[in-house]
Amino acid sequence: MTIYNHRFIIKSIFLFGLLACVSETFAQVVTIPIETANQAVVLQAGNDKRLRCIYFGHKLSNAKEYESVPEAYKQAEDHAGLLNSAYTPSGSRNLFEPAITVTHADGNQSLDLQYVSHEVKSAGSGVSLLSVLLKDPVYNFEVTLYYKYYHQDDVIEQWSVIKHHEKGKVTLQKYASANLHVKANEYWLKQFHGDWAKEMQPEESKLTHGIKTLDSKLGTRANLFMPSVFMVSLNGPAKEDEGSVLYGGLEWSGNFKVDMEVDNQDNLRIIAGINNYASAYVLNAETDFTTPPFVYTLSDKGTGDASRHLHNWARNFKLLNGKGERLTLLNNWESTYFDFNEQKLGELLKDTKKLGVDLFLLDDGWFGNNHPRNDDHAGLGDWRENRKKLPNGIASIAKEAVNNGVKFGIWIEPEMVNPRSDLYQKHPDWVVKQPKREEYYFRNQLALDLSNLKVQDFVYQVVDSLFIKAPSLAYIKWDCNAVTYNAYAVHLKDAQSQFYVEYVRGLYKVLQRIRAKYPTVPMMLCSGGGGRVDYGALQYFTEFWPSDNTDPMERIFIQWNYSYFYPAIATSNHVTDWGKQPIKFRTDVAMMGKLGFDIVVSKLNTNDLQFCQNAVKAYNDLKGVIWQGDQYRLRSPYEQNMACIMYADAAKSTVIMFNYLVNNRYGESSKMPVKLKGLDPQKRYLVKEINLYPGTQSTIKNNLTLSGDFLMTVGVNPDLNSQRTSVILSLTEVK
Ligand code: DGJ
């Protein structure tokens, strides 16, 4: 009995120990699915506590089965066990591009990050926030990964918060926002490059082994040569309506770096964040370093679906006042440049009213006295009205605008200074320049050091004082024309490597102050074109200026490419005198976004003027569908002789379809009908051509009524030809 009992006890202890051990083993494997309506990213911490991404793709119906995913892959050996790390640390066993590299307080450069805990919270209706805490077992150093996921839109924003409790300072050498891991047979990158007036030129190529980097080191006007937005399609080049495609972009208005590395297992590692170029960041103990969100969406229904998800997300959650109103406007930049006075502005206010748009936007050249802003060599920084041009100040123009029944907006470029200015002479220490080197200018100007609180105050005051002087001020165009040369800020003393980061943080602090006081005033984000747009900035701006190139033929392509990532409501398009196309073509193209004009209204002939006035009225009727509707890119100007884009309202009862002939060779025309998308097959639609030029007749049959089924299966022909190079069709449900 005793022996039996003894054996029993030993056996029980053994069994209990085994069970405890097994359950401990199970307990150590933590699987964290991040699921949206259709997609999933799944993280898993294994027995070794390393957090990995084990799945990136279409959501499974049974979340338990994600655990079986790793088994399904029989790939080459992962020597370090870190290839699919959710946030790759460097200096320990990692062999690939890291997400984070640090120098600890004692000079050691190694980092290991192990899973500690995670939690999911609600971040609003349909939005969840996952945080995963990782710690180094040796150093008192931690990273919390954040995943904010928007269920309906299949969009994820990902960032990290880095912190330490070491004795002394830690230097962050690299600090990415996100580290993705994608598995497919092939990866096709569509990236965009450009320059002034040539924004968003696409290039698509197959990613090969090694690293492809998209980056910017331009500072202030970071996107001039390349934006951070890109798409990667899996298993073949991107298609509009089929295939898996990932869109990504960094929400940061400064230097960025996106590394895409096809590894030895043929998987794709994407590491995105602030560019660590010349940007080692010294972090004090107990201080959070928060990286900007990297936003991405994955679709397995092609680029059209991915864009619609991103547009919805932007309008609902990111773009300032994304569901709200916008103002149509007349801008005087291309009609007057720097040459205007009160009398001329008075006439332009009348023209604004005559045209029928909401607002007159006074552009560059209204300020500077000791150094008048009569060209782009002087005056930036001296934000007082030029007494010769505007003896009664902007308050009087704003009043005059009200008297004319229109609103008034103004251009500023408050981050910049011309060496020929009072500001430069008074505060040379506010200017970004190398103390011992020759100054070097971009458009004859330099940036102000926004890392400096005093400069932040100054920039805030520039905006605030305008509203104080002219309380009816209804719009701001915020320009930024220079890149950053000779990055050096007096105020940062020996912390120069923090300049690029602190500049953007300073800019955002100013914008936050402005938005706290003026939450809804529309502001256009301009940078001599699209040198700046990103979703970090768009939380403070209602719209952006895609390019100074307003030649409508060029614009079809530029807007096409922006439309992958940004909704029409955010895209400011102005009708100007660029290009050879008639006013109808120019206006139709500009209507595919937020409409404005920058032409000499008084010089329009009767028909052109009447056309523009009617177009503004038509736009006012249609703008809700263009701004808030679902966008479908129907015909690509890159593939055919025509470009077609449509917008449909949520009820699928109102549709606007824009069509352009983009090839002017002999005999080019729309020989085939264009199939519409996203309609209700059961509904019947009245097809009508709108926005006709005075005196012209539509060639579209009267009372043409077709079913959604017909329109999506056979299509409609806009009848484009050399006489009809631009055609807008409206399709309205017939009840
Ligand atoms: C660049 C902008 O893109 C233009 O529209 C205009 O505002 C000029 N700057 C003014 O200097």
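The values are calculated or read from the model by the stated rules, or taken from the named source; none is laboratory data. Everything numeric here is computed off the predicted structure, so don't read it as measured data. In this analysis, Cβ positions are derived from the backbone assuming ideal geometry, glycine residues included, and neighbour counts consider all displayed protein chains.
Among residues belonging to the range 690-724 that are of a type in the set (D, E, K, R) and either free of Cβ contacts under 8 Å to residues at least 12 places away in the same chain or farther than 20 Å from Asn641 by Cα (or both), point out the one that is surrounded by the fewest Cβ atoms within 10 Å (Cβ to Cβ). Steps first, please.
We begin by selecting, within the range 690-724, every residue of a type in the set (D, E, K, R); these are 701, 709, 719, 724.
Restricting the remaining residues to those that are either free of Cβ contacts under 8 Å to residues at least 12 places away in the same chain or farther than 20 Å from Asn641 by Cα (or both) gives 701, 709.
Working: Lys701: 11, Asp709: 14.
By that ranking, first place goes to Lys701.
If you check Ile514 against the conditions, is it closer than 24 Å to Ser307 by Cα, not charged (D, E, K, R), not assigned by TED's automatic domain parsing to the domain that holds Leu224 and not in a loop (DSSP other than H, G, I, E, B)?
Here the answer is no, as Ile514 does not meet what is asked.
Residue by residue, here is whether (1) within 16 Å of the ligand (Cβ to nearest atom); (2) over 18 Å from the mean Cα position of the chain (by Cα) holds:
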{"residue": "Asp551", "(1), (2)": "yes, yes"}
{"residue": "Ile558", "(1), (2)": "yes, no"}
{"residue": "Ser563", "(1), (2)": "no, no"}
{"residue": "Val575", "(1), (2)": "yes, yes"}
{"residue": "Pro582", "(1), (2)": "no, yes"}
{"residue": "Thr587", "(1), (2)": "no, yes"}
Sole miss for Val501 among (1) within 30 Å of Gly405 (Cβ to Cβ); (2) touching a residue at least 60 places away in the same chain (Cβ under 8 Å); (3) more than 16 Å from the ligand (Cβ to nearest atom) is condition (1)
Within the range 309-337, tally of residues that are within 13 Å of the ligand (Cβ to nearest atom), part of a helix (DSSP H, G or I) and not acidic (Asp, Glu): 3
Which condition number in (1) farther than 18 Å from Leu327 by Cβ; (2) away from the ligand (no atom under 12 Å from the Cβ); (3) in a loop (DSSP other than H, G, I, E, B) is the one that Arg373 fails? (2)
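Please tell me if Arg532 is within 15 Å of the ligand (Cβ to nearest atom) and at pLDDT below 95.
On the way: within 15 Å of the ligand (Cβ to nearest atom): yes; at pLDDT below 95: yes.
It is true that Arg532 is within 15 Å of the ligand (Cβ to nearest atom) and at pLDDT below 95.
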Subset of the range 413-422, residues touching a strand residue (DSSP E or B) at 6+ places or on another chain (Cβ under 6 Å) and either within 12 Å of the ligand (Cβ to nearest atom) or not assigned by TED's automatic domain parsing to the domain that holds Ala378 (or both), comes to Met416, Asn418
Residue list for the range 589-639, filter: buried (at least 18 other Cβ atoms within 10 Å of the Cβ) and polar (S, T, N, Q): Gln628, Gln631
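Given the criterion more than 30 Å from Arg315 (Cα to Cα), basic (Lys, Arg) and touching a residue at least 12 places away in the same chain (Cβ under 8 Å), identify the matching residue among Lys59, Lys64, Lys148, Lys135. I'd like the intermediate steps shown before the answer.
Details: Lys59 fails: more than 30 Å from Arg315 (Cα to Cα); Lys64 fails: touching a residue at least 12 places away in the same chain (Cβ under 8 Å); Lys148 fails: more than 30 Å from Arg315 (Cα to Cα).
Matching residue, one of Lys59, Lys64, Lys148, Lys135: Lys135.
With the structure loaded, tell me whether Val120 is under 22 Å from Thr31 (Cβ atoms) and surrounded by fewer than 23 Cβ atoms within 10 Å (Cβ to Cβ) or whether it fails that test. Give the steps one after another, and end with the answer.
Numbers: under 22 Å from Thr31 (Cβ atoms): yes; surrounded by fewer than 23 Cβ atoms within 10 Å (Cβ to Cβ): yes.
Taking the combined requirement at face value, the residue satisfies it.
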Take the conditions within 39 Å of the chain's Cα centre (by Cα), modelled with pLDDT under 95, in the same structural domain as Gly168 (by TED's automatic domain parsing) and closer than 30 Å to Asn284 by Cα and apply them to Leu111. Does it pass? no
Pick from the range 535-549 the residues that are polar (S, T, N, Q) and within 11 Å of the ligand (Cβ to nearest atom): which of them is farthest from Ile412 (Cα to Cα)? Asn549
Mind listing whichever residues of the range 354-370 are away from the ligand (no atom under 15 Å from the Cβ) and either in a loop (DSSP other than H, G, I, E, B) or among the polar types (S, T, N, Q) (or both)? Gly356, Val357, Asp358, Asn369, Asn370
Considering Gly393, Gly381, Gly409, which residue is touching a residue at least 60 places away in the same chain (Cβ under 8 Å), within 15 Å of the ligand (Cβ to nearest atom) and on the phi > 0 side of the Ramachandran plot? Gly381
Have a look at Asp266, Asp215, Asp288, Asp259 and point out the one that is outside the structural domain of Pro546 (by TED's automatic domain parsing) and in contact with an Asp or Glu (Cβ under 7 Å, 6 or more places away or on another chain). Asp259
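Is at least one residue of the range 574-587 assigned by TED's automatic domain parsing to the domain that holds Gly528 and part of a strand (DSSP E or B)? Please lay out each step first, then the result.
Step one: list which residues in the range 574-587 are assigned by TED's automatic domain parsing to the domain that holds Gly528, which gives 574-587.
This time we only want the ones that are part of a strand (DSSP E or B), so: 574-575.
Scanning the range 574-587, I find at least one residue that is assigned by TED's automatic domain parsing to the domain that holds Gly528 and part of a strand (DSSP E or B), so the answer is yes.
Given the criterion without any contact (Cβ under 8 Å) to a residue 40 or more places away in the chain and of a type in the set (Gly, Ala, Ser), identify the matching residue among Ala516, Ala489, Ala495. Full working, then the answer.
Values: Ala489 fails: without any contact (Cβ under 8 Å) to a residue 40 or more places away in the chain; Ala495 fails: without any contact (Cβ under 8 Å) to a residue 40 or more places away in the chain.
Answer to the selection: Ala516.
Taking Gly236, is it under 30 Å from His79 (Cα atoms), in contact (Cβ under 8 Å) with a residue 40 or more places away in the chain, surrounded by 17 or more Cβ atoms within 10 Å (Cβ to Cβ) and not assigned by TED's automatic domain parsing to the domain that holds Tyr485?
Values: under 30 Å from His79 (Cα atoms): yes; in contact (Cβ under 8 Å) with a residue 40 or more places away in the chain: yes; surrounded by 17 or more Cβ atoms within 10 Å (Cβ to Cβ): no; not assigned by TED's automatic domain parsing to the domain that holds Tyr485: yes.
No; evaluated as a whole, the condition is false for this residue.
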Pick from the range 393-426, criterion closer than 21 Å to Gly356 by Cα, surrounded by 20 or more Cβ atoms within 10 Å (Cβ to Cβ) and of a type in the set (Val, Ile, Thr), ranking: nearest to the chain's Cα centre (by Cα): Ile410
